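All remarks here apply to the structure that follows.
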Amino acid sequence: MSTIPNAAPTTRASATPIVTSEARAFAWIFGAAIVALALYYFIGVDQGAFSVFGSDTHIHEFVHDSRHFLGFPCH
């Protein structure tokens, strides 16, 4: 009687936590907040007529469908 070796050896995976400094964590959180606020402005606030960039409507038209999908009024 022959034995068939196990095709997939069993191994234990262990999670290793990521350790970072408080300053680096703060930088990541601050950067994420800036990006989130910029996205919120361009999708939710920028109307073209009241745009930071003047009466240029390119950004408004680029995110127009996203505005409706997320429930922001624009008409």
Residue within region 14-21 that is at pLDDT 90 or above and small (Gly, Ala, Ser) present: yes
Failed item in (1) modelled with pLDDT of 80 or more; (2) assigned to a helix (DSSP H, G or I), with PHE72 passing the rest: (2)
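The values are calculated or read from the model by the stated rules, or taken from the named source; none is laboratory data. The shown structure was predicted, so the numbers you read here are calculated from the model rather than taken from an experiment.
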